[in-house]
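The next block holds one structure in the form of structure tokens; read it before the comments.
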Amino acid sequence: MEPARGLFVTGTDTGAGKTHVSAALIAALRVRGIPVRVRKPVESGCAESGGVPRDATQLLAAAGNNDPLAAVCPWPLAVVLSPERAAVLEGKTLTLDAVAAACARGVDENDFLLVEGAGGFLSPLTSDARNAELAARLGLPVLLVVADRLGCLNHAMLTGEAIKAR
């Protein structure tokens, strides 16, 4: 079932602040009494935190619901690479269909679904898709997070054009 409402949070690149912005949005929604389901379906670099997906853990804490961490992040990947490449190294196959289904699983029509992508909007996510295709498949509006650093305007405009094109 496709969620009735929600948001896909993406960034210009890794470390842009997606999780920080997502947690703030989740807090604002909860203050308004809106139930939030969070998904960070694929997270790489989990070996650095003992196999625990840090971003997904932070999102789940912000949402304050009883979803299991495995529902928020079904694919925690060990190495710090694009999820598509990390999955190959771990012998896992990720597909757009599987990731999109995992995002929608357990979300009902009254929930607000917040999905945080991995890396930048055009970063490889699965063997057959990038974050861009996941956002399009879910049919959610896209929020672009941009880090405040030198070069950010160019990255923001390029990514904004890529979002509009989809």
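The trypsin sites (Lys or Arg not before Pro) found in region 56-108 that occupy coil by DSSP, while having at most 15 further C-beta atoms within 10 Å, are LYS92, ARG105.
Considering helices alone, the calculated mean residue ellipticity of the chain at 222 nm is -11500 deg cm²/dmol, with DSSP H runs of length four and up weighted by -39500 (n - 2.57) and normalised per residue. With a ≥ b ≥ c taken as the square roots of the eigenvalues of the C-alpha gyration tensor of region 66-107, please select rounded if a/c is under 1.5 and otherwise prolate if a/b is larger than b/c or oblate if it is not? Note, shape of region 66-107 comes out oblate. Averaged per residue, region 35-166 has 48 square angstrom of accessible surface, using a 1.4 angstrom probe with ligands and nucleic acids left out. Computed on protein heavy atoms with a 1.4 Å probe, the accessible areas place ILE26, ILE34 in the order ILE34, ILE26, largest first.
Across every pair of non-identical alpha carbons in the chain, the mean reciprocal distance, once inverted, gives a Kirkwood radius of 15.7 Å.
If you roll a 1.4 Å probe over the chain with all protein chains in place, what percent of the accessible area is carbon or sulfur? C and S fraction of accessible area: 57 percent. For LEU7, nonlocal amide neighbours, meaning residues 5 or more places apart or on other chains whose placed amide H falls under 5 Å from its own, are LEU113, LEU114, VAL115. For ASP128 and ALA70, the FRET efficiency from 1/(1 + (r/R0)^6), where r spans their Cβ atoms and R0 equals 30 Å, is about 0.85.
Scalar couplings 3J(HN,Hα) for region 49-63, obtained by applying the Karplus form with A = 6.51, B = -1.76, C = 1.60 to θ = phi - 60°, are 10, x, x, 8, x, 5, 4, 4, 4, 5, 5, 4, 4, 5, 6 Hz; x denotes Gly and Pro.
Of the residues VAL142, VAL107, ranked by 1.4 Å probe accessible area with the largest first, the sequence reads VAL142, VAL107. Each residue of region 151-161 was assigned a 3J(HN,Hα) from its phi angle through the Karplus expression (A = 6.51, B = -1.76, C = 1.60, θ = phi - 60°), giving x, 5, 5, 4, 4, 5, 5, 4, 5, x, 5 Hz with x at Gly and Pro. Remark: the chain carries a charge dipole of roughly 240 debye about the Cα centre, counting +1 on each Lys and Arg Cβ and -1 on each Asp and Glu Cβ.
As an exercise, identify the trypsin sites (Lys or Arg not before Pro) in region 127-158 lying in DSSP coil whose Cβ has no more than 14 other Cβ atoms within 10 Å. Hits after loop and neighbour filter: ARG149.
Distance between the 7 Å Cα→Cβ label points at VAL52 and ASP148: 3.0 nm.
A straight Cα-to-Cα reach below 24 Å connects LYS92 with the lysines LYS40, residues fewer than 8 places away in its own chain not being considered.
The values are calculated or read from the model by the stated rules, or taken from the named source; none is laboratory data. Owing to the predicted nature of the structure, the values given are computational and were not obtained by experimental measurement. Every residue, glycine among them, receives a Cβ derived from its backbone with ideal geometry; neighbour counts consider all protein chains shown. Please note that ligands, DNA and RNA were not included when accessible areas were found on the heavy atoms of the full protein model with its side chains. Shrake-Rupley method; radii C 1.70, N 1.55, O 1.52, S 1.80 Å.
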